[in-house]
1. Can you pull out every residue in region 455-481 that is under 27 Å from Met611 (Cα atoms) and in contact (Cβ under 8 Å) with a residue 24 or more places away in the chain?
2. Does Pro447 satisfy being of a type outside the set (Val, Ile, Thr), in the same structural domain as Cys490 (by the TED database) and surrounded by 21 or more Cβ atoms within 10 Å (Cβ to Cβ)?
3. Show the residue pairs meeting these rules: Cβ distance below 7 Å; 6+ apart or different chains; first residue within region 581-605 and free of Cβ contacts under 8 Å to residues at least 60 places away in the same chain; second residue in a helix (DSSP H, G or I) and among the basic types (Lys, Arg).
4. All but one of (1) assigned by the TED database to the domain that holds Thr151; (2) under 25 Å from the mean Cα position of the chain (by Cα) hold for Ser233; which doesn't?
5. Any residue that is of a type in the set (Gly, Ala, Ser), surrounded by fewer than 18 Cβ atoms within 10 Å (Cβ to Cβ), in contact (Cβ under 8 Å) with a residue 40 or more places away in the chain and within 23 Å of Tyr372 (Cα to Cα) - is there at least one of those in region 505-517?
6. For residues that are within 28 Å of Lys249 (Cα to Cα) and either in contact with a strand residue (DSSP E or B) (Cβ under 6 Å, 6 or more places away or on another chain) or not assigned by the TED database to the domain that holds Trp210 (or both), tally how many sit in region 168-198.
7. Can you confirm whether region 288-304 contains a residue that is among the aromatic types (Phe, Trp, Tyr), buried (at least 19 other Cβ atoms within 10 Å of the Cβ) and more than 15 Å from Ser407 (Cβ to Cβ)?
8. Conditions first: (1) at pLDDT below 95; (2) surrounded by 19 or more Cβ atoms within 10 Å (Cβ to Cβ); (3) not small (Gly, Ala, Ser). Ile363 passes all but one, so which condition is the exception?
Amino acid sequence: MDNWVPNPRARPYIPKRKLYGTAGSKLREYSSRRCISKIFQGGLILVLIVTVVINITFLLDTSKKLQPDPQITENNYQKFKDGLSQELEQHNKMKSLKATIEVISSKELVSITVDGTAVLEDEGFDTNRGVHVVVLNQATGSVMAKRIFDTYNQHEDEAMVLFLKMISDGRIIIFTIKDEGTFQLKSTARQYLASMGSEYITNINWRDTWAFVAIKGGKKIGEAHNKSPSLSSWGEKSVLTVHIKLSPKSESRCNWPDNESNRRREVFCSKVEGYGNVCSCTDPSPISFSPQKLENNKISDIPIAVIASNRPHYLYRMLGTLLSVPGANPQLVTVFIDGYFEEPLEVTKLWGIKGIQHTPMGIKNARISQHYKTSLTATFNLHPKADYAIVIEEDLDVSPDFFNYFSQTKHLLDEDSSLYCISAWNDQGYEHSCKNESLLYRVETMPGLGWLLRRKLYKDELEPKWPTPDKQWDWDMWMRNNFIRKDRECIIPDVSRTYHFGSKGLNMNPYFQEIYFKKHSIVAKPDVKLKDLDRMKQKEYEGVINELIKSGEVLSENHNPCDDSFIPNTKDKTYLLYISMKSPTDYTTWKILAKCFHIWDLDVRGFHKSMWRLFLKENHILIIGVPASPYS
């Protein structure tokens, strides 16, 4: 031991139990954490490697699939690629072909939104009552038609059913009621809506709210209904939200033969709905005509001004009859639209004629008056060499001899300065009060409803004095006023050459149409030859009247003129009826008599020197005012 020397490099002795003290515990925790971290990192690396391998495999597989088979020709391969692209494109489109529709029905508000965009919003208690209908394209979701049917009034439910029947199968139809829509919603209309899938329509009553979405010819998509708790209140607001899968565009198109007419048809039918067979894929109605030429046509260069507003279905019907009549020339027809409404303009394009929109001026009757002035001025500006124009409204049918009638009578305006116009309409020409299709009258009132106007009259007299936009005057009443008319008269037929079918307008409603216009008569023949044309001039016409009076038999004053027996049950006889008329403006007795005879009685029309002509029970009747008329 004496020779022992300590080793300076030797580590000091530490008992093993010291390793299990505080420092050892910390060391062991540190080692555990390192181990877990290493395992986690290794796992991530493994996942990354697997992902890379999978992607490489996918890329190699895709590349292999895109390699052309040596047995496939280049042409077939191109078809394959094109087909693949089309499938991809179709797949992407199909994922987005859906729409969300929200419909609200309430006392004062109806609204419809498609994918958050409002396509209908009508608010206010006093306007647009009834059933609102919106038609959507089943492929694009775009609006194709909007209509309001005030089913509080008679026959509006019939008009709604007719409109629905004219819609092509597959279209999306949305219904919503504002205020009240059931008072005149009769069983036929309810049954039709039930056939479309409505479950509530048979039980909807006074002031209920209702919203309904369906596919025409398909199925119900959704429906909401809230009942009115009492007659004096309205149902709670009905809110309906539906999600609908749209169809591929190919399913909403027809494969018509490629020609000029069908190209117009295709454009129209892709934008507008509710026109029936015009958009039929299998049996489309014609939109081009080849009418017969008019023999000895005296009006071949006269322009036709069609006065239109936002009543496109009326315009479609009217143009369909006008363009099919012998003597019609589409190049001379211009439709003037009061306002920038798209659907009426599309209707004119469908028929292949010119349509002109202009900015409205004035309100109510003043707006209508300015619309006529703007249209007449534009007509003569578009046709600077035309000495005449035919003026006709969008809510009139025309007879097959419409142009033939004007061709035969035009020369009277040239030769007789006492004439104001030639009209195709007889205010008293009802089914029971007219008879002779070849007979003409002279009258002191201007009937309108299809009339021939001289350029000179319009430019020299009417245009400079036309009522300004601030005056709420009816243009036709203004023209009838004698300070404008200046004792001149119009030629009219016994049987009208136009028929008024419009039941909606500023001064028109279904009741008014039913009472005063529905039973008007119209000529059905294409080639009526008018008689005694030369005797329609001022001097010669007096001879006609005097001859009728001399040959006529005076009706007995002992019978009540309102009794059916007042007019004898004879045929083709001439009768005279003298009535009290103290002055040319004393119409008291006439108005009572007009009501008895069920003819126009709202104001006084169709007279010549305080004398009226009409047919009753197939007898010619002259009603003469005493002492106002010189024939008394």
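The values are calculated or read from the model by the stated rules, or taken from the named source; none is laboratory data. Computed from a predicted structure; not experimentally measured. When we count neighbours, we look across all protein chains shown, and the Cβ atoms used for this are built from the backbone with ideal geometry, even at glycine.
1. Leu457, Asp474, Trp475, Asp476, Trp478, Met479, Arg480
2. yes
3. So the pair list comes out as Asp601/Lys591; Asp601/Lys595.
4. Checking Ser233 against (1) assigned by the TED database to the domain that holds Thr151; (2) under 25 Å from the mean Cα position of the chain (by Cα), the one that fails is (2).
5. Yes, because at least one residue in region 505-517 is of a type in the set (Gly, Ala, Ser), surrounded by fewer than 18 Cβ atoms within 10 Å (Cβ to Cβ), in contact (Cβ under 8 Å) with a residue 40 or more places away in the chain and within 23 Å of Tyr372 (Cα to Cα).
6. 9
7. no
8. Condition (2) is where Ile363 drops out.
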